[in-house]
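Encoded as structure tokens, the structure appears first; notes follow it.
FYI, it's all coordinate maths here, none of it is from the lab. Since this is a predicted model, take the numbers as computed values, not measurements. Cβ placement follows ideal geometry from the backbone for every residue including glycine, while neighbour counts extend to all protein chains displayed.
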Amino acid sequence: MSSTPLPGRISLSRFLIEQQREKGHLNADLRLLIEVVARACKRISIAVGKGALGGALGSAGTQNVQGETQKKLDVVSNELLLEANEWGGHLAALASEEMDDPHPIPHRYPKGEYLLVFDPLDGSSNIDVNISVGTIFSVLRCPDGIKDPDESSFLQPGTRQVAAGYAVYGSSTVLVLTLGDGVHQFTLDREYGDFPLTQSDLRIPEDTSEFAINMSNMRHWEAPMRRYIDELLAGRTGPRGRDFNMRWVASMVADVHRILTRGGIFIYPRDLKDPSKPGKLRLMYEANPMAMIVEQAGGAATTGLERILDVQPTALHQRVPVFLGSKNEVERVTAYHREAA
Ligand code: AHG
Ligand code: MN
Ligand code: MN
Ligand code: MN
């Protein structure tokens, strides 16, 4: 194992310290927060990587507030993020897909100015079949003067996020992060144990010929959604006359990472299957962090009618329709929805 960092190798810690020194939009508490979350993601990556050997596959036999049956790794990942973050003094509270209500910082620990909200294991229906899963997180400031944050303290539009990121546990473990100044990628070096910077300023091509949607819900879609997909199936072509391809991993982190890497559009629309649910994805810890990342990489992210980051949340676990990715494609399908509204 090399004893000194490779020349030109910039670890996540060094990147954050240089961002703090040169850009000033990062303070010591936020830097600590990101490093603690990255360390927790490393531990989740190890747990995920053990597969059947770790005894953590399969169902936990419990339900979360969404009415989903929790996987053991949903619960393990949630615990790892709580344990890692509650003692550092950088957070005022945490919230998670896997917890009904926000988790207060225990009185024995100091509190900080940030709120962390996360999806500890995204794509968990894929965990037992060894398909990439991930962790998604969003950082907000605790409103001034709030000593004991509750659900209402988290209900801030996505434009108020100070940082957002995800880890995707695939063939490699990749951490993608934005602090509001571009999108940067770090890859876990399992031997060295750190996350060296592997790509700066990721950019999403404005056009694409790849779309991601769960087609099995087609019969439940609204008219503008049908119009957009019918055009693709009728042979509309993308850049350089290329036919459209479809990809659907059913792990948002994997689909979004592909889009950040080579472009595309990801869609989870409102469907009429259950009118009480405007789509499946959750605003606070799936749509908002991914929307910040996508916009910071030159893409677009809407609910079909408005910018995701402008949505004023009304509940911690609320759902929104999601259209995100290559700017021109998102604008096209959003225009169809606005025409039909
Ligand atoms: P989670 O595993 O955190 O509950 O999220 C799953 C989400 C998202 O990752 C993915 O894009 C979507 O569910 C897949 O939905 P379908 O199973 O309906 O395709
Ligand atoms: Mn879930
Ligand atoms: Mn998820
Ligand atoms: Mn999840």
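Between the residues Tyr285, His317, Ala297, the greatest Cα displacement towards the positive end of the dipole of the range 266-321, with unit charges on the Cβ of Lys, Arg, Asp and Glu, is found for His317.
Let's see if you can work this out: charge +1 on each Lys and Arg Cβ, -1 on each Asp and Glu Cβ, no other charges. What is the dipole magnitude of the range 1-123 about its Cα centre, in debye to the nearest 20?
It comes to approximately 680 debye.
Taking a Cβ cut-off of under 12 Å around Val183, the surrounding Lys, Arg, Asp and Glu residues balance to a net charge of -2, with basic ones at +1 and acidic ones at -1.
Extension gain, Arg21 to Arg203, is 63.1 nm, computed as 0.36 nm per intervening residue step minus the present C-alpha separation. The value of relative contact order for the range 46-202, using C-alpha pairs under 8 Å at least six residues apart, is 14 percent. For the chain, adding -39500 (n - 2.57) for each run of n ≥ 4 DSSP H residues and dividing by the number of residues yields -9000 deg cm²/dmol at 222 nm. With Cα atoms defining each centre, the range 293-324 and the range 239-262 are spaced 18 Å apart in the structure. For Arg262 and Ala52, a Förster radius of 35 Å and the Cβ-Cβ distance give a FRET efficiency of 0.65, rounded to the nearest 0.05.
Exposure proxy for Asp207, Asp144: other Cβ atoms within 10 Å of each Cβ, ordered fewest to most, give Asp144, Asp207. Considering the zone a paramagnetic label at Met246 would reach in this model (a point 7 Å from Cα along the Cα-to-Cβ line), which residues of the range 133-153 have amide N under 19 Å from it? Those under the cut-off are none; the list is empty.
The order of Met218, Met284, going from fewest to most other C-beta atoms within 10 Å of their C-beta, is Met218, Met284. Relative contact order of the chain, taken over Cα pairs closer than 8 Å and 6 or more residues apart, is 15 percent.
Within the range 157-251, the trypsin sites (Lys or Arg not before Pro) that combine a DSSP coil assignment with at most 14 other C-beta atoms in a 10 angstrom radius are Arg190, Arg203, Arg236, Arg242, Arg247.
Taking θ as phi - 60° and the Karplus parameters 6.51, -1.76 and 1.60, the scalar couplings of the range 185-200 work out to 10, 10, 10, 5, 8, 5, 6, 8, x, 10, 10, x, 5, 10, 7, 9 Hz in sequence order, x denoting glycine and proline.
Site pair Arg141 and Asp310 shows an inter-label distance of 2.3 nm when each label is modelled 7 Å from Cα along Cα→Cβ.
Here is the list for the range 64-159: trypsin sites (Lys or Arg not before Pro) lying in DSSP coil, each with at most 14 other C-beta atoms within 10 angstrom of its C-beta, are Arg108, Lys147.
Annotation: extensible slack from Met218 through Ser152 equals 20.3 nm (criterion: 0.36 nm per residue apart, minus Cα-Cα distance). Within the shell of other residues whose beta carbon sits under 9 angstrom from the beta carbon of Asn78, the net charge comes to -4, with Lys and Arg scored +1 and Asp and Glu -1. Taking the inverse of the mean reciprocal distance over all distinct Cα pairs, the Kirkwood hydrodynamic radius of the range 59-154 comes to 14.0 Å. With a cut-off of 12 Å between beta carbons, the residues surrounding Met290 carry a summed charge of -4, where Lys and Arg count +1 and Asp and Glu -1. Considering the range 17-72, its Cα convex hull presents a mean projected area of 5.8 nm². Annotation: for a label point projected 7 angstrom from Cα along Cα→Cβ of Arg332, residues of the range 294-308 with backbone N closer than 15 Å are 300.
Annotation note: GluC sites (Glu not before Pro) in the range 288-341 located in DSSP loop regions with a Cβ neighbour count of at most 16 within 10 Å are Glu306. Straight-distance candidates among the aspartates and glutamates for linking to Lys50, with alpha-carbon spacing under 14 Å and chain neighbours fewer than 8 residues away dropped: Asp128.
In summary, the convex hull built on the alpha carbon positions of the chain has an orientation-averaged projected area of 18.4 nm². The slack between Asp101 and Glu191, meaning 0.36 nm per residue of separation minus the straight C-alpha distance, is 28.7 nm.
For the range 303-325, the residues whose amide N sits under 19 Å from a probe point set 7 Å from the Cα of Lys277 along the beta carbon direction are 303-304, 314-323. Among the DSSP helices (H) of the chain, none spans at least 30 angstrom by Cα along its long axis with an average Kyte-Doolittle hydropathy of 1.0 or more; this is a geometric and hydropathy rule only. Here the spin labels are modelled as points 7 Å beyond Cα on the Cα-Cβ line, and at Ser13 and Ser59 they lie 4.3 nm apart. With an a/c value of 1.5 or above and a/b not larger than b/c for the gyration tensor axes a ≥ b ≥ c computed over the alpha-carbon atoms, the range 1-96 is described as oblate.
The DSSP beta bridges internal to the chain are antiparallel in roughly 85% of cases.
If contacts are Cα pairs under 8 angstrom and at least 6 residues apart, what is the relative contact order of the range 40-106 in percent?
Taking the mean separation of contacting Cα pairs over the length of the range 40-106, I get 27 percent.
Going by neighbour counts of Cβ atoms within 10 Å, the residues Tyr109, Tyr114 line up, fewest first, as Tyr109, Tyr114.
Shape class of the range 233-310 from the alpha-carbon gyration tensor: oblate, with a/c at 1.5 or above and b/c at least as large as a/b.
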